Amino acid sequence: MDIFIQQLINGITVGSVYALVALGYTMVYGIIGLINFAHGDVVMVGAMVATTLVVTLIGADPGGTSAWLAVGAALLVSIPVCMVLGWLAERYAYRPLRRAPRLAALITAIGVSIIIQNLAMMIWGRKYLSFPHIIEPVIFPIGGARISLLQIIIILTATAIMAGLLLVVHRTRLGTAMRATAQNREVASLMGVNINTVIAAAFLIGSALAAVAGVMVTTYYGVAQYTMGFLLGLKAFTAAVLGGIGNLGGAMLGGLLLGIIESLGAGYIGDLTNGVFGSNYQDVFSFIVLILVLVFRPSGLLGERVGDRA
């Protein structure tokens, strides 16, 4: 039971990050029907910017209050950087193709992903950047398992952000405009909704969430590299599909479930096979889930968000 609880805690931690990234995918898809495969690379940029800034401010051996201030500064810098990157992609890469066939936009998204990766490689190089250990390893026992202070911070932060996003979507004028645009762009435009502003806002919000996820990932794993966004983006896309692409609640549920499936699969199957299919193969479980969902329930667990029309 203690092993199960430990793997569950690890899965919820990782799944919280997947959920944040999946929200960026599902918001854009729900409004304009685009799978933004460059979204994972926006997460990577947030991680690289945060790592560079933290190392510059406090060095490789931090400690004390200055470390927390450095993390706060990293968030304040990485979030606007990622938001600008997302806005540029929407304005100059995706907006001109809004009425083009979906395949053209999909290929463009892959091209934007490659461009961002290569720009990151030119700026930061090919080597891994080490994120300093800024948080003291405080451990709390839970039923024979252990949860760290960092894991608690990641889970609570992700939960607060997801709850805030739901409030924005369901309780604000911007959220109402987003839901109207998702149902029918033409009718929403006739009712006075500025479609370009709404779509740009979706990219900006998704990019901000990506920046936060990037800081969480590099803080949790301690490294960042220019290719890290590719696999992370695919996993988050899998989470969005698992929950129901275009459905905010589905993206959150899918991210948490995917993280738990990965952790339990790597832990238990790794033990049953003497480590042959252990943590080194945990990525396999994500794509097994993707294949099963596409075969047996293409609309996801909660279904796609489809507007009702009279």
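One table, with the values for the structure above:
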quantity	calculated
Neighbourhood charge, 14 Å Cβ-Cβ cut-off, centred on residue 200 and excluding it, Lys, Arg +1 and Asp, Glu -1	+3
Using alpha-carbon coordinates, inclination of helix 102-124 to the longest axis of the chain, degrees	40
Exposure proxy ranking, count of Cβ atoms within 10 Å, fewest first, for 39, 133	133, 39
Inter-probe distance in nm under a simple model that places probes 7 Å from Cα toward Cβ, at residue 104 and residue 183	2.9
Region 16-114: trypsin sites (Lys or Arg not before Pro) in DSSP coil with no more than 14 other Cβ atoms inside 10 Å	99
Using alpha-carbon coordinates, inclination of helix 149-171 to the longest axis of the chain, degrees	10
Pair residue 291, residue 5: separation of 7 Å Cα→Cβ label points (nm)	3.6
Structure-derived volume of the Cα convex hull per residue in Å³ - corresponding label in [x] 158; [y] 121; [z] 149	[z]
Which of 127, 235 has the fewest Cβ neighbours within 10 Å, and the rest in rising order	127, 235
Acute angle (nearest 10 degrees) that the helix 248-264 long axis makes with the longest principal axis of the chain, alpha-carbon atoms	30
Inter-label distance, nm, simple model (7 Å from Cα along the C-beta direction), residue 133/residue 146	1.1
Cβ-defined net charge surrounding residue 108, 14 Å radius [Lys, Arg +1; Asp, Glu -1]	+3
Ranked list, fewest to most other Cβ atoms within 10 Å of each Cβ, for 228, 121, 191, 162	191, 121, 162, 228
nm² value of the averaged projected area, convex hull over the Cα atoms of region 139-251	9.1
Most mobile listed residue (113, 148, 78) in the chain, GNM with C-alpha springs under 10 Å	148
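Any read-out appearing in this document is the output of simple, stated calculations on the displayed coordinates, not a laboratory observation. Everything numeric in this text was worked out from a predicted model, so none of it was measured. Note: ideal-geometry Cβ built from the backbone for every residue, glycine included; neighbour counts use all protein chains shown.
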